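The values are calculated or read from the model by the stated rules, or taken from the named source; none is laboratory data. Treat the numbers as computed from the prediction; the structure is a model and nothing was measured. No Cβ is skipped: glycine too gets one built from the backbone with ideal geometry, and neighbour counts run over all protein chains shown. SASA here: full protein model, heavy atoms, side chains in, ligands and nucleic acids out. Shrake-Rupley method; radii C 1.70, N 1.55, O 1.52, S 1.80 Å.
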Amino acid sequence: MDNIAGTKSSLTWAVHISVVILVALWLFPTVGLFVSSFRTGDQISSSGWWQALSTQQAQLPAIRVEGDETPTGGAFVIEGELIAGDNTVSAWGTSSRAPQAYEPGDTADLGDGQTLLINEDATFVLTSSETTEGTRLPRVFLTASSPPEFTLDNYREVLTSSTAGAGILQSFINTLTVSIPATVIPILIAAFAAYALAWMEFPGRALLIAAVVGLLVVPLQLALIPLLQFHNTIGIGKGYLGVWMAHTGFGLPLAIYLLRNYMVGLPRDIIENAKVDGASDFQIFVKIILPLSFPALASFAIFQFLWTWNDLLVALVFLGADDESLVLTGRLVNLLGSRGGEWEILATSAFISIAVPLVVFFAMQRYLVRGLLAGSVK
Amino acid sequence: MNPAVLGLITIILGVGGCIGYFWSSNFVLDRFIFPPRGPNAGRNINRANAIRPWLFLGPAVIALGLYLAYPVVATFWYSIHERVPGGLEFVGLKNYSEMFAEAKFREAILNNMLWLIVVPGASTAFGLLAAQLTDRISWGNFAKSLIFMPMAISFVGASVIWKLIYDARPEGTGQIGVLNAVVTWFGGEPQQWLTIQPWNSFMLMAVLIWIQTGFAMVILGAALRGIPEETVEAAILDGASPWQVFFKIKVPQIMPTIVVVWTTITLVVLKVFDIVLAMTNGQWETQVLANYMYDKLFRSFDWGVGSAAAMIIMLLVSPILVWNVYSARKEMR
């Protein structure tokens with residue numbers, strides 16, 4: 001619309017700024033999760049993720065001095081480093097009431113002939129007149145700043161350790177196992193049905209189309225108990241077969257609707273020419289309609305994949321909530337309940353679960369948009 | 001057996017089975033039942049063509065009937081029965097009256113009404129705003145795809161993301177939730193956002209609005225592009241301000257699309273379950289119908305009341321169902 005009179009507004013810069021703000025607002029939450037998944041648990045719980053790139057100044061929890069003592073000239077000396085890494089101590093103290101009583105480089109008199117020196121680089125020297133063997137060494141409170149630090153440890157821990165991640169990897173495989181067959185199977189069934197509804201004449205066709213449109217909005221909540229009963233009756237109970245069948249059933253209305261709308265728009269000439277040349281309906285469908293409908297098939301496949309990957313309810317009900325069979329979404333809900341405070345685990349697990357749909361989304365966005373438009377704009 | 005292997009076998013069996021069914025049923029029909037030769041060749045062709053649509057439709061019709069149509073009837077059946085040892089006992093509307101008497105249900109209905117007003121409204125408004133703004137700038141498509149992105153994130157994943165935003169730490173320590181960081185920066189006290197009634201419901205709604213705005217933007221953006229340029233041009237020549245062009249020329253022309261977007265998001269809202277389950281599980285008066293229903297069905301195993309709650313959701317959906325069928329039929333004529 002660049003060529004219309006008056007659209008070149010003097011407020012273009014305002015539009016740009018508004019869009020930047022809008023995009024930033026919408027991106028901010030996800031970036032937060034992403035950045036957090038690369039920070040250590042201590043960092044996450046002591047400062048906001050937006051400070052991840054700045055040097056952190058934080059008061060650390062109490063640290064007990066420890067080390068081997070060496071007798072030097074009538075005194076007993078323990079030397080060592082209080083915190084590992086590249087830190088800078090800005091203040092320290094020996095009691096929780098005055099955690100910033102001393103500057104780095106100061107020597108504190110702890111009484112009973114003990115003195116403690118803490119340097120800026122977090123090294124310390126504890127000097128005692130008597131041996132400290134068998135006594136409790138003093139605690140210190142540090143206020144230290146640490147440089148920005150990013151780590152892959154969270155991912156390593158979540159993916160390999162069985163306790164920390166509590167089976168994220170297993171859930172990842174479960175989710176994949178649920179979503180791929182549940183995406184592939186409805187496509188074929190729907191494609192044949194859509195062709196019949198689009199290009200074959202038979203009584204009751206309009207009624208069937210109306211029924212498909214109606215079933216499009218039936219909440220799947222209604223299906224839970226009756227279908228669970230049905231699955232138990234026919235003996236498949238809770239399991240992958242049940243989930244695949246349920247997802248197939250729930251996905252069919254949209255699949256048929258999308259594909260029929262697309263197929264109806266294909267040029268009539270091609271189909272009629274093929275018929276004149278003696279092709280059967282089956283041949284027309286397989287050799288002409290199916291290849292031409294690829295964009296619609298792709299649209300639906302993405303929808304169904306995103307939906308089955310992200311689904312929680314169907315998997316919980318038809319697959320079960322025990323540790324072996326939990327899908328990623330179910331696992332995340334459990335983690336939120338049991339380890340709600342451990343953001344390094346939560347953020348990393350959540351990011352693992354949304355990574356695959358995000359990749360699919362950005363790679364196939366074109367088809368997704370096309371499908372949305374076909375499904376909604378009337 | 002490893003489920004992944006099982007999955008692979010299912011794909012092969014499923015796809016192979018589908019293809020096999022469609023091909024062989026066709027083959028049998030054309031070759032053996034009504035072969036297009038012999039004395040009745042013409043009649044046979046007609047008969048085969050009358051049957052073929054049902055071969056193509058068969059699996060889909062069975063699946064739709066079994067997985068969507070039958071459950072509506074069955075759920076209604078369960079909702080007027082009570083589970084007793086050994087079977088079901090007819091209780092009429094007792095489950096419904098029991099449910100309506102329950103405070104948690106009334107809370108769920110009220111919250112759902114609130115969701116129904118706020119979420120579709122806010123998502124459509126933000127979507128329209130984003131669509132209009134990104135329409136005119138060079139990097140609009142890039143901006144669109146970033147705003148659209150939450151669409152790919154699961155409701156549970158989004159809940160984790162937003163829980164981090166609402167996180168609260170004791171006063172005096174560094175806040176890691178951005179909302180509390182802002183509040184304390186302005187000198188306020190950190191709040192446990194998800195426990196403050198009635199605002200916590202809005203905190204949950206924000207998650208869904210964040211997800212659905214992209215959807216609204218994509219659809220409305222396409223509709224805005226479809227507006228005939230002459231109408232806009234004529235309005236500008238007549239001296240309309242940009243606001244007037246937007247609200248008096250563009251919005252009325254895309255009204256049908258706005259209705260579609262609104263109803264589509266309404267359907268999502270009626271079924272919203274994951275967000276509430278993951279963030280508050282209905283505590284602090286944030287209960288909604290779908291989560292109430294899940295509670296009844298799978299935590300207290302009260303099928304009667306659970307099914308009654310499901311029927312209420314169905315009832316709320318049915319006006320949209322009727323409207324969709326009506327407009328689809330109108331369009332086909």
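Can you tell which of B:A41, B:A50 is hydrophobic (A, V, I, L, M, F, W, C), over 21 Å from A:T183 (Cβ atoms), surrounded by fewer than 16 Cβ atoms within 10 Å (Cβ to Cβ) and within 9 Å of another protein chain (Cβ to nearest Cβ)?
When all the criteria are applied, what remains is B:A50.
Anything in segment B:100-130 that is aliphatic (A, V, I, L, M), open to solvent by less than 30 Å² (accessible area, probe 1.4 Å) and over 22 Å from B:P198 (Cβ atoms)? List them, or say none. Walk me through it before giving the result.
Initial filter on segment B:100-130 (aliphatic (A, V, I, L, M)): B:101, B:103, B:108-110, B:113-114, B:116-119, B:122, B:125, B:128-130.
Those still in the list that are open to solvent by less than 30 Å² (accessible area, probe 1.4 Å) too: B:108, B:119, B:122, B:128, B:130.
Correct list: B:L128, B:A130.
Taking the condition facing chain A (nearest Cβ under 7 Å) and closer than 30 Å to B:G140 by Cα, does B:P228 pass?
Numbers: facing chain A (nearest Cβ under 7 Å): no; closer than 30 Å to B:G140 by Cα: yes.
No; evaluated as a whole, the condition is false for this residue.
Given the conditions (1) open to solvent by less than 20 Å² (accessible area, probe 1.4 Å); (2) in contact (Cβ under 8 Å) with a residue 60 or more places away in the chain; (3) among the aliphatic types (A, V, I, L, M); (4) farther than 30 Å from A:G93 by Cα, and given that A:V218 satisfies all but one, which numbered condition is not satisfied?
Answer for A:V218: the failing condition is (2).
Taking the conditions exactly as written (modelled with pLDDT of 85 or more and of a type in the set (D, E, K, R)), does A:D311 satisfy them or not?
yes
Determine whether A:V327 is within 13 Å of another protein chain (Cβ to nearest Cβ), without any contact (Cβ under 8 Å) to a residue 24 or more places away in the chain and either touching a strand residue (DSSP E or B) at 6+ places or on another chain (Cβ under 8 Å) or within 25 Å of A:G249 (Cβ to Cβ) (or both).
Details: within 13 Å of another protein chain (Cβ to nearest Cβ): yes; without any contact (Cβ under 8 Å) to a residue 24 or more places away in the chain: no; either touching a strand residue (DSSP E or B) at 6+ places or on another chain (Cβ under 8 Å) or within 25 Å of A:G249 (Cβ to Cβ) (or both): yes.
So A:V327 fails the test.
Among the numbered criteria (1) modelled with pLDDT of 85 or more; (2) more than 9 Å from chain B (Cβ to nearest Cβ); (3) surrounded by 21 or more Cβ atoms within 10 Å (Cβ to Cβ), which one does A:P291 miss?
Every condition holds for A:P291 apart from (3).
Which of the following residues is within 30 Å of the chain's Cα centre (by Cα), open to solvent by 40 Å² or more (accessible area, probe 1.4 Å) and over 27 Å from A:F202 (Cα atoms): B:V61, B:V84, B:V73?
Going through B:V61, B:V84, B:V73 in turn, the sole match is B:V73.
If you check B:L316 against the conditions, is it open to solvent by less than 10 Å² (accessible area, probe 1.4 Å), assigned to a helix (DSSP H, G or I) and more than 8 Å from chain A (Cβ to nearest Cβ)?
no
Looking only at residues that are open to solvent by 20 Å² or more (accessible area, probe 1.4 Å) and within 7 Å of chain A (Cβ to nearest Cβ) in segment B:231-256, which one is farthest from the chain's Cα centre (by Cα)?
Narrowing segment B:231-256 to residues open to solvent by 20 Å² or more (accessible area, probe 1.4 Å): B:231, B:233-234, B:236-244, B:246-249, B:251-253, B:255-256.
From what is left, the residues that are within 7 Å of chain A (Cβ to nearest Cβ) are B:233, B:236-237, B:242, B:256.
Working: B:E233: 37, B:I236: 39, B:L237: 42, B:P242: 34, B:P256: 19 Å.
Only one residue fits best here, namely B:L237.
State all residues of segment B:126-148 that are at the interface with another protein chain (Cβ under 7 Å from one of its Cβ atoms) and in a helix (DSSP H, G or I); if no residue qualifies, say none.
Across segment B:126-148, the qualifying residues are B:A130, B:L133, B:T134, B:A143, B:S145, B:L146, B:I147.
One line per residue, one yes/no per condition, for (1) under 28 Å from the mean Cα position of the chain (by Cα); (2) more than 7 Å from chain B (Cβ to nearest Cβ):
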position	(1), (2)
A:G167	yes, yes
A:P181	yes, no
A:A190	no, no
A:F202	no, no
A:A206	no, no
A:L215	no, no
A:Q221	yes, no
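Do you know which residues across segment B:274-305 are in contact (Cβ under 8 Å) with a residue 60 or more places away in the chain, assigned to a helix (DSSP H, G or I) and of a type in the set (G, A, S)?
The answer is B:A278, B:G304.
Condition first: within 9 Å of chain B (Cβ to nearest Cβ) and in a helix (DSSP H, G or I). Now tell me which residues in segment A:340-355 satisfy that.
Those that are within 9 Å of chain B (Cβ to nearest Cβ) and in a helix (DSSP H, G or I): A:W343, A:L346, A:A347, A:S349, A:A350, A:F351, A:S353, A:I354.
Show the residue pairs that are 6+ apart or on different chains and have beta-carbon atoms under 7 Å apart, the first residue being within segment B:12-29 and more than 9 Å from chain A (Cβ to nearest Cβ) and surrounded by 13 or more Cβ atoms within 10 Å (Cβ to Cβ), the second being of a type in the set (K, R) and part of a helix (DSSP H, G or I).
Qualifying pairs under 7 Å: B:L29/B:R52.
So, in segment B:149-180, how many residues would count as being under 28 Å from A:V369 (Cβ atoms) and in a helix (DSSP H, G or I)?
Summing the residues that are under 28 Å from A:V369 (Cβ atoms) and in a helix (DSSP H, G or I) in segment B:149-180 gives 13.
What number of residues within segment A:8-31 are modelled with pLDDT under 85 and facing chain B (nearest Cβ under 7 Å)?
2
For segment A:123-154, which residues satisfy the criterion of being under 42 Å from the mean Cα position of the chain (by Cα) and within 15 Å of A:T94 (Cβ to Cβ)? If you could, list the steps in order and put the result at the bottom.
Pass one, segment A:123-154, residues under 42 Å from the mean Cα position of the chain (by Cα): A:123, A:139-154.
Once the filter is applied, which keeps residues that are under 42 Å from the mean Cα position of the chain (by Cα) and within 15 Å of A:T94 (Cβ to Cβ), segment A:123-154 yields A:R139, A:V140, A:F141, A:L142, A:T143.
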